[in-house]
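J.: Have a look at the structure that comes next, please.
Every read-out reported here was derived from the displayed coordinates using simple, explicitly stated rules and does not represent laboratory data. Note that the structure is predicted; figures quoted are calculated from it, not measured. Glycine also receives a Cβ, built like all others from the backbone with ideal geometry; neighbour counts cover every protein chain displayed.
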Amino acid sequence: MEFLQFVPYNVKFQDIWETAFKSWKANLSAILNMEDKAFINTTNTSSSFVNFIHQVWDAYLDGERVDSTLLRYLLLVYVRLSRLPSTENHCLFQTDLLVKLAVVYSSTNKLQVREIIQDFAENLTPILHTLVESIESLSHATLDRDVLERAYVLARTFDALVSATLPEFLPLGHIDR
């Protein structure tokens, strides 16, 4: 299954975007409706799908307009995949994708993100250490716009990963009840 390259919504190219959106939505629906074996195989072998996930999440993290339906479908793919047996080596569970998953969804879907990431928490420990070191290094930097933007990204990533990997950790103001 081939996915068209993701492009953020743009009023100038609305017709093109709407056509692409229909294709993305149809492909995601088809994947989610597959039998388990076909679902695992398709999501693990489609490089265009993996690229699509990266493109959607990168655009979202860069502040681009991303349709909530696409974000919801991608989360559903991860929820389903995490509940299937023998998927721990699946390409969608690569560390870089798990980090993006945590940052994109941890504030709105904390429990689902924890469920997905729980088996990979050990793999994320080196990233947490690197984030701590990077945050510490900022104390020696001159606080200009670039440093503050970097600090924001580091803090956001650190918060998302800690929240996703430590089930008992609940950031203030984000308590689930």
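J.: Can you tell me the length gained on complete extension of the stretch VAL79 to HIS129, counting 0.36 nm per residue apart and subtracting the Cα distance?
T.: Residue separation times 0.36 nm, minus the Cα-Cα distance, leaves 15.3 nm.
J.: Return the label of the correct value of percent of Cα pairs over 24 Å apart, as calculated from the structure shown, out of (1) 38; (2) 43; (3) 33.
T.: Only one listed value fits the structure, namely (2).
J.: Given DSSP loops and a limit of at most 16 other Cβ atoms within 10 Å, what is the longest stretch of the chain that contains no such chymotrypsin sites (Phe, Trp or Tyr not before Pro)?
T.: Numbers: sites that count: TYR9, PHE169.
By the stated rule (loop sites, at most 16 other Cβ atoms within 10 Å), 10-168.
J.: Something else about it: Given R₀ = 30 Å, FRET efficiency for ASP67-ASP144 by Cβ-Cβ distance, to 0.05? The partial results should precede the final answer.
T.: Working: r = 35 Å, r/R0 = 1.15.
Step by step, r from the Cβ atoms, then E = 0.30.
J.: Still on this model: As an exercise, identify the trypsin sites (Lys or Arg not before Pro) in segment 1-107 lying in DSSP coil whose Cβ has no more than 12 other Cβ atoms within 10 Å.
T.: Details: sites: LYS12, LYS22, LYS25, LYS37, ARG65, ARG72, ARG80, ARG83, LYS100; in loops: ARG65.
Within segment 1-107, the qualifying trypsin sites (Lys or Arg not before Pro) (loop, at most 12 other Cβ atoms within 10 Å) are ARG65.
J.: Right, here's the next one. What are the ³J(HN,Hα) couplings of segment 126-135, residue after residue, when phi is run through the Karplus curve with 6.51, -1.76, 1.60 and θ = phi - 60°? Round to Hz, x for glycine and proline.
T.: Running phi through 6.51 cos²θ - 1.76 cosθ + 1.60 with θ = phi - 60° gives x, 5, 4, 4, 4, 4, 4, 4, 5, 5 Hz.
J.: Additional query: Given a Förster radius of 35 Å and the C-beta distance between ASP36 and PHE13 as r, what FRET efficiency does 1/(1 + (r/R0)^6) yield to the nearest 0.05? It would help to have the intermediate numbers written out before the result.
T.: Working: r = 37 Å, r/R0 = 1.06.
Efficiency computed from Cβ-Cβ geometry: 0.40.
J.: Further question on the same structure: Put a dot 7 Å past each Cα toward the Cβ at HIS54 and ALA151; how far apart are the dots in nm?
T.: Once both label points are built, they end up 3.1 nm from each other.
J.: Do the sum for the chain: with -39,500 (n - 2.57) for every DSSP H run of n ≥ 4, divided by all residues, what is the mean residue ellipticity at 222 nm, to the nearest 500 deg cm²/dmol?
T.: That comes out to -21500 deg cm²/dmol.
J.: Among GLU115, GLU64, GLU149, which one moves the most in a GNM of the chain with springs linking Cα atoms closer than 10 Å?
T.: Highest fluctuation of the listed residues: GLU149.
J.: By how many nm would the segment from SER23 to GLN5 lengthen if fully extended, with 0.36 nm per residue of separation less the alpha-carbon distance? Numbers along the way, then the final one.
T.: On the way: separation 18, 0.36 × 18 = 6.48 nm, distance 1.05 nm.
Computed gain between SER23 and GLN5 is 5.4 nm.
J.: Which angle from 0 to 90°, rounded to the nearest 10, does the C-alpha axis of helix 47-61 make with the longest principal axis of the chain?
T.: 50 degrees
J.: Enter the angle in degrees (range 0 to 90, nearest 10) between the Cα long axis of helix 68-83 and the first principal axis of the Cα atoms of the chain, meaning the one along which they spread out most.
T.: Between the helix axis and the principal axis of the chain, the angle is about 90 degrees.
J.: What's the angle, to the nearest 10 degrees (0 to 90), between helix 95-105's Cα axis and the longest principal axis of the chain?
T.: Roughly 90 degrees, rounded to the nearest 10.
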